[in-house]
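Colleague: This is the structure, below, for whatever I ask next.
The values are calculated or read from the model by the stated rules, or taken from the named source; none is laboratory data. Keep in mind that this is a model prediction, so the values were computed, not measured. Ideal geometry is used to build each Cβ from the backbone, glycine not excepted, and the neighbour counts take in all protein chains shown. Side chains included, ligands, DNA and RNA excluded: accessible areas come from the protein's heavy atoms. Shrake-Rupley method; radii C 1.70, N 1.55, O 1.52, S 1.80 Å.
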Amino acid sequence: MFEKFTHDARRAVVEAQAAAHEAGAREISAQAVFAGLARIEDGEAVRLLRDLGVSREDVFAELARVRRRGGISDADAEALTEFGIDVDQIVERVEQTHGPGALAQASRPTRRNHLPFTEDAKNALQMSVREAQDLGDKHLGQEHLLLALVKQRGPVADFLAARGIDYPAVRQAVGKR
């Protein structure tokens, strides 16, 4: 699959692995792929996000917030609220007992150099191939990864949706490149 990736798209995947490692994760999640895209300052994804009004700092702050909550997305937190469960209150209590960032930490540090992809990250990678095909592009770039992430339900799409950015908005921005 990676043979069709542009150099910058490959860099984003490498950065995703680095972000996952730094977070102490045992797998590369869709959020780590998003972090990988944001870590490349001169990349197409960062340019697209900036054009849509989202800075790299916004991305990093949101990813830290989601990681602090143990990966729970806003949609999931909202659904839990309907059952009387306040995720932020639970996070605060866990941190009071176990220390700051207790839910953000992996259960045990990994020493492996290669991390596997989570199911949501695999889906995003597969969807990015379809995005490139749908746009008639011969190579898969960062813009296709971003399109796949915003199309997929989860913390990345929630973060962008809260800023009024949905799949059609990103697709339109990609079309202007």
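Colleague: Go through 66-78, 5-17 and give me the packing order, highest mean Cβ count within 10 Å leading. Intermediate results must be reported in sequence, preceding the final value.
Modeller: Working: 66-78: 17.5, 5-17: 19.0.
Order by mean packing, descending: 5-17, 66-78.
Colleague: Mind putting a number on the dipole of the chain about its Cα centre? Charges go on the C-beta only, +1 for Lys and Arg and -1 for Asp and Glu, and I need it in Debye to the nearest 20.
Modeller: Numbers: 25 positive and 28 negative charges, 126 e Å.
For the chain, the charge dipole is close to 600 debye.
Colleague: Starting from the Cα of GLU78, step 7 Å along the direction of its Cβ; do the same at HIS114; then give the gap between the two resulting points in nm.
Modeller: If labels sit at GLU78 and HIS114, their model points lie 3.9 nm apart.
Colleague: If you count only protein heavy atoms with a 1.4 Å probe, what accessible area per residue comes out for region 4-83, rounded to a whole Å²? Present the calculation step by step, with values, prior to reporting the outcome.
Modeller: Details: 3920 Å² over 80 residues.
Per residue, region 4-83 has an accessible area of 49 Å².
Colleague: Which value, in debye to the nearest 20, describes the size of the charge dipole of region 19-91 about its Cα centre when Lys and Arg Cβ atoms bear +1, Asp and Glu Cβ atoms bear -1, and nothing else is charged? If you can, show how the numbers build up before the last one.
Modeller: Working: 9 positive and 15 negative charges, 58 e Å.
Using only the charged Cβ atoms, the result is roughly 280 debye.
Colleague: Tell me which residues come under 5 Å, amide H to amide H, from PHE5 once H is placed; ignore anything under 5 positions away on its chain.
Modeller: LEU140
Colleague: What is the Cα centroid distance between region 7-50 and region 121-175, reported in whole angstrom?
Modeller: 14 Å
Colleague: Sticking with this structure for a sec: Among VAL156, HIS98, ALA25, whose Cα projects farthest towards the positive end of the dipole of the chain, with charges put on the beta-carbon of Lys, Arg (+1) and Asp, Glu (-1)?
Modeller: Farthest towards the positive pole: ALA25.
Colleague: Then there is this: Taking 25 °C and 0.890 mPa s as the conditions, I'd like the Stokes-Einstein D for the chain in µm²/s, using the Kirkwood hydrodynamic radius from alpha carbon pairs.
Modeller: Working: Rh = 16.7 Å.
The calculation lands on 147 µm²/s.
Colleague: Also: Find which of SER55, SER73, ALA38 sits farthest along the positive direction of the dipole of region 28-177, computed with +1 on the beta-carbon of Lys and Arg, -1 on that of Asp and Glu, about the Cα centre.
Modeller: Towards the positive end, the residue furthest out is ALA38.
Colleague: Take the eigenvalues of the Cα gyration tensor for region 1-105, scale each by 5, and report the square roots as semi-axes in whole Å, largest first. Kindly include the intermediate steps, with their values, before the conclusion.
Modeller: Details: eigenvalues 170, 49, 30 Å².
Equivalent-ellipsoid dimensions as semi-axes: 29, 16, 12 Å.
Colleague: I've got another one for you. For the chain, with all protein chains present and a 1.4 Å probe, just round the carbon and sulfur fraction of the accessible area to a whole percent.
Modeller: Details: 4800 of 9810 Å².
It is 49 percent, rounded to a whole number.
Colleague: Hey, another quick one. For ILE85 and VAL14, calculate 0.36 nm times their separation in residues minus their Cα-Cα distance, and state this gained length in nm to one decimal.
Modeller: Values: separation 71, 0.36 × 71 = 25.56 nm, distance 3.66 nm.
Contour length minus the Cα-Cα distance gives 21.9 nm.
Colleague: Take each of the peptides 136-148, 120-132, 24-36, 45-57, average the number of other beta-carbon atoms within 10 Å over its residues, and list them starting from the highest. It would help to have the intermediate numbers written out before the result.
Modeller: Working: 136-148: 21.8, 120-132: 20.0, 24-36: 24.4, 45-57: 16.8.
In descending order of packing, they fall as 24-36, 136-148, 120-132, 45-57.
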